[in-house]
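Working notes for the structure below.
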Amino acid sequence: MEQLLRNFFLFLSKNKMFTKLARKYGLRFGAGRFVAGETMQNTAKVIQQLNEKGMDVTIDHLGEFVDNEDEAKQRTEECIEAIRVISEQNLNSQLSLKLTSMGLDISEELVMKNMRTILDAGKKYNVFVTIDMEDYERCEKTLEIFKQLKSEYELIGTVLQAYLYRTVEDIEELDQYSPNLRLVKGAYKESPKVAFPEKKDTDDNFKKIIKMHLLNGNYTAVATHDDEMIEYTKQLEKEHNISRDQFEFQMLFGIRTERQEELIKEGYRMRVYVPYGDDWYGYFMRRLAERPANVAFVAKGVFGK
Ligand SMILES: Cc1cc2nc3c(=O)[nH]c(=O)nc-3n(C[C@H](O)[C@H](O)[C@H](O)COP(=O)(O)OP(=O)(O)OC[C@H]3O[C@@H](n4cnc5c(N)ncnc54)[C@H](O)[C@@H]3O)c2cc1C
């Protein structure tokens, strides 16, 4: 049943008509629990509050699968605006983005141009930029672009997904760039030809890549809500004397807030991924797919108290 619900929400996440309607009618159905606001100005207040609690932030202007040049340009400008606001308001925040928003599906030339414009702004205002990882189809291209840009810019990182068979090799291959990587389980529906179908195998691979990347001496963001993975990382820290400056935990805005605060109290670096913008629908559906228990929460949003 849970798998059925998961597939259902992943299917809904790609529905173009619902995406349009969601944009038109604004944050509804409990989406406000997971999405900080529809504008950067509202979001800046949320970042400020998180910073006051000792949390670092990365913001993500929602939107993906852009298929025309003007929209990609608009997304690029929104990223630059976000970088400017972070700097002007002295916020402790990085930026996360998706290459499909910057024109990945249109042309490589366009996505590179837009990314360089954003990374120039990141360099100017000292704001780190992480390229989120999307579905498997785009993984190879994303890593090629990351490698190219990493040779030109310092303040850039990307994401690897534990559910993909290829990821152990990617960790090895990328080591020569000493990359700052966010490690995650993976959020998209992938074929068993490319990704572990069993959660247990993904979890084992997640532990494996956390260990590899940390012991390679690279900066590691362990992005998970799973206590088992958090405890495993702490265990590695102790066993291998890893400095707390070499890693951080990351969680999504609105998920396990108390756990986030506990980790801060224990002296760990905790970064909250804060999505914002009017294109919230696909992101929201993926959160529901991950944890159908959240549907109860959404039902309250739809049907009242
Ligand atoms: C900061 C961040 C950035 C991400 N970036 C990307 C990306 O670029 N690309 C990508 O594909 N994916 C990304 N993801 C999503 C990721 O791939 C997973 O889909 C998502 O994090 C769920 O996996 P999990 O590790 O939290 O563990 P899960 O296996 O989903 O959950 C494990 C356990 O965590 C606990 N838990 C989970 N949710 C809750 C909850 N709401 N309340 C209480 N307990 C809970 C439960 O004990 C649960 O059994 C990102 C995730 C984070 C946190």
Scan the range 8-31 and tell me whether some residue there is at pLDDT 85 or above and surrounded by fewer than 19 Cβ atoms within 10 Å (Cβ to Cβ). no
From Ser87, Ser96, Ser101, residue being within 21 Å of Arg271 (Cα to Cα), assigned to a helix (DSSP H, G or I) and of a type outside the set (Phe, Trp, Tyr): Ser87
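For residues that are crowded, with 18+ Cβ neighbours inside 10 Å and free of Cβ contacts under 8 Å to residues at least 40 places away in the same chain, scanning just the range 160-178, find the one that is nearest to the ligand (Cβ to nearest atom).
Gln161
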Tell me, yes or no, whether the range 257-279 has at least one residue that is buried (at least 18 other Cβ atoms within 10 Å of the Cβ), under 16 Å from the mean Cα position of the chain (by Cα), among the acidic types (Asp, Glu) and modelled with pLDDT of 95 or more. no
Given (1) farther than 23 Å from Phe247 by Cα; (2) touching a strand residue (DSSP E or B) at 6+ places or on another chain (Cβ under 9 Å), index of the condition Thr130 fails: (1)
Inside the range 228-269, can you point out the residues that are more than 20 Å from Leu215 (Cα to Cα), in contact (Cβ under 8 Å) with a residue 60 or more places away in the chain and not charged (D, E, K, R)? Leu252, Phe253, Gly254, Ile255, Gln260, Ile264
Taking the range 159-192, which residues are in a loop (DSSP other than H, G, I, E, B) and closer than 21 Å to Met251 by Cα? Ala162, Tyr163, Pro179, Lys185, Gly186, Ala187, Tyr188, Lys189
Only one of these is farther than 16 Å from Thr224 by Cβ and within 15 Å of the ligand (Cβ to nearest atom): Phe196, Phe128. Name it. Phe128
State whether the residues of the range 56-64 include one that is modelled with pLDDT under 80 and crowded, with 18+ Cβ neighbours inside 10 Å. yes
Taking the options Asn241, Asn294, name whichever one is over 30 Å from Glu81 (Cβ atoms) and modelled with pLDDT under 90. Asn294
Considering residues of the range 201-238 that are assigned to a helix (DSSP H, G or I), touching a strand residue (DSSP E or B) at 6+ places or on another chain (Cβ under 7 Å) and not hydrophobic (A, V, I, L, M, F, W, C) only, the residue farthest from the ligand (Cβ to nearest atom): His213
Yes or no: the range 111-132 includes at least one residue that is buried (at least 17 other Cβ atoms within 10 Å of the Cβ) and among the small types (Gly, Ala, Ser). yes
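Restricted to the range 140-158, and to residues that are among the aliphatic types (A, V, I, L, M) and not in a loop (DSSP other than H, G, I, E, B), which residue is surrounded by the most Cβ atoms within 10 Å (Cβ to Cβ)?
Filtering the range 140-158 for residues that are among the aliphatic types (A, V, I, L, M) and not in a loop (DSSP other than H, G, I, E, B), the one surrounded by the most Cβ atoms within 10 Å (Cβ to Cβ) comes out as Ile156.
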From Glu88, Glu108, Glu69, Glu137, residue being more than 22 Å from His213 (Cα to Cα), loosely packed, with under 15 Cβ neighbours inside 10 Å and within 16 Å of the ligand (Cβ to nearest atom): Glu137
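Could you please let me know if Phe249 is surrounded by 15 or more Cβ atoms within 10 Å (Cβ to Cβ), in a strand (DSSP E or B) and of a type in the set (A, V, I, L, M, F, W, C)?
When the stated conditions are applied, Phe249 passes them.
The values are calculated or read from the model by the stated rules, or taken from the named source; none is laboratory data. None of these values were measured; they are calculated from a predicted model. Neighbour counts run over all protein chains shown; Cβ positions are idealised from the backbone, glycine included.
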